[in-house]
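A.B. asks: First the structure, then my questions, so here it is.
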Amino acid sequence: MTKAEIVNEISRTAGIEKSVVQTVLEEFMESVRRSVIDGEPVFLRGFGSFVVKQRAEKTARNISKGTTIKVPAHKVPMFKPARVFVESIKQ
């Protein structure tokens, strides 16, 4: 599902203009993005959490060249679905 499809679905089911839904969705995504960049997790009960995870330094192999490289420690954004969400998918 694309962002445009989400906007259309919310607009249709809630009876709100598409332009308003588009603005709210854009602001929601920007709020989540800013919070995660600032290191603050975003918890949405029943849906999931957006967090930053620290990856440790590791050694990786370039198979085509046959060399090893060091991948430095770094942070990555991560989404962890809520248990209720995961259980609803498993059914």
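A.B. asks: Can you name every one of the strands (runs of 3 or more DSSP E) wholly within segment 1-83 that holds 2 or more residues which are loosely packed, with under 10 Cβ neighbours inside 10 Å and of a type in the set (Val, Ile, Thr)? Reasoning before the result, please.
C.D. replies: Values: elements: 42-44, 48-55, 58-62, 67-71, 74-81.
Correct list: 67-71.
A.B. asks: If you don't mind, there's one more thing I want to ask. Only residues that are hydroxyl-bearing (Ser, Thr, Tyr) and within 24 Å of Val42 (Cβ to Cβ): list them for segment 14-31, please.
C.D. replies: Across segment 14-31, the qualifying residues are Thr23, Ser31.
A.B. asks: Only one of (1) over 23 Å from Lys3 (Cβ atoms); (2) in a helix (DSSP H, G or I); (3) of a type in the set (Val, Ile, Thr) is not met by Ile89, so which one is it?
C.D. replies: (1)
Read-outs: derived from the displayed coordinates by stated rules, not from any lab. A quick note: this is a predicted structure, and the numbers were derived from the prediction, not measured. Methodologically, a virtual Cβ is constructed for each residue, glycine included, from the backbone with ideal geometry; neighbour enumeration extends over all protein chains shown.
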